[in-house]
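Worksheet: the structure to be examined is printed underneath.
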Amino acid sequence: MPADPLHRAGSPQRSTKHQPPRGPAASADQGGPDQSGLDQGPVEVRRSARRRRTVSAYREGDRTIVLIPARMSEAEERRWVGVMLDKLAAQESKRLLGDAELAERAELLSEQYFEGRARPTSVRWVTNQNTRWGSCTPAEGSIRLSHRLQGMPEYVVDYVLLHELAHLLVPGHGPRFWRLLEAYPRTERARGYLEGVVAAERLPHLPAARTE
């Protein structure tokens, strides 16, 4: 198992089973970052001859609608569906999760993946963790998540919560610890996302590319 990213600072799918949270529209200009998307329920891609450069997405019931220019290639379509799914998920995570919701989320995740065995006494956001995404004190049963996670996709926040919940059951990062996290199907995706954030923060700040 590679080093733990918590402790250091796609194709469009039109009929997936995961039910996404509902939220506002997101939009991006063609030429934005290339991020992998999260399966968030049925995705419908609508092409428009009027649309030249912009891509946008919004929730419609249990579906996600992605609007793209008609001239886009299949590869560009796949890339932008992933980008927009992550943008929507990030918006929804930032809007919905306060401390109380975070504690409720931790309880639900413990029930779903650990049979309710991980029972934290407190779960809260903190602003003094800039080199770690999360931490816990098993003796006290307290879990703390870095405020830097606010605005990241929900599956990433869920992974960090599960990571810290697992530490209430198993100290360290041995095989038994990672076997617990194998129950969460988006562990590798979330780890990759966090590693990408860390890598991007180390890059020099370059001027934005010009667009027509």
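Each value in this text was obtained by applying a stated rule to the coordinates, not by laboratory testing. Worth saying up front: this structure is predicted, and the values here are computed from it rather than measured.
Got a sec to turn the phi values of the stretch 62-69 into Karplus ³J(HN,Hα) couplings, 6.51 cos²θ - 1.76 cosθ + 1.60 with θ = phi - 60°, whole Hz, x for Gly and Pro?
Taking θ as phi minus 60°, the curve returns 9, 10, 10, 9, 10, 9, 9, x Hz for the stretch 62-69.
Could you work out the pair-distance distribution P(r) of the stretch 112-212 from its alpha-carbon pairs, with 5 angstrom bin width and percents rounded to whole numbers?
2, 12, 20, 22, 19, 11, 5, 3, 3, 2, 1, 0
Please figure out what share of the DSSP beta bridges in the stretch 64-205 is antiparallel and state it in percent, rounded to the nearest 5.
45 percent
Can you work out the Karplus-derived ³J(HN,Hα) for every residue in the stretch 189-195? Use 6.51 cos²θ - 1.76 cosθ + 1.60 with θ = phi - 60°, whole Hz, and x for glycine or proline.
Residue by residue, the stretch 189-195 yields 4, 5, 4, x, 4, 5, 5 Hz.
What residues have an amide H closer than 5 Å to that of V123, excluding those fewer than 5 places away on the same chain, when H is modeled at 1.01 Å from N in the peptide plane?
I143
Extension gain V126-A70, at 0.36 nm per residue separation less the Cα-Cα distance, in nm? Provide the component values of the computation, followed by the final result.
On the way: separation 56, 0.36 × 56 = 20.16 nm, distance 4.45 nm.
Gain on extension, V126 to A70, equals 15.7 nm.
Output wanted: per-residue J couplings in Hz (rounded whole) for the stretch 167-173, from phi through Karplus 6.51 cos²θ - 1.76 cosθ + 1.60, θ = phi - 60°, x for Gly and Pro.
Per-residue couplings from phi come out as 5, 5, 9, 9, x, x, 10 Hz.
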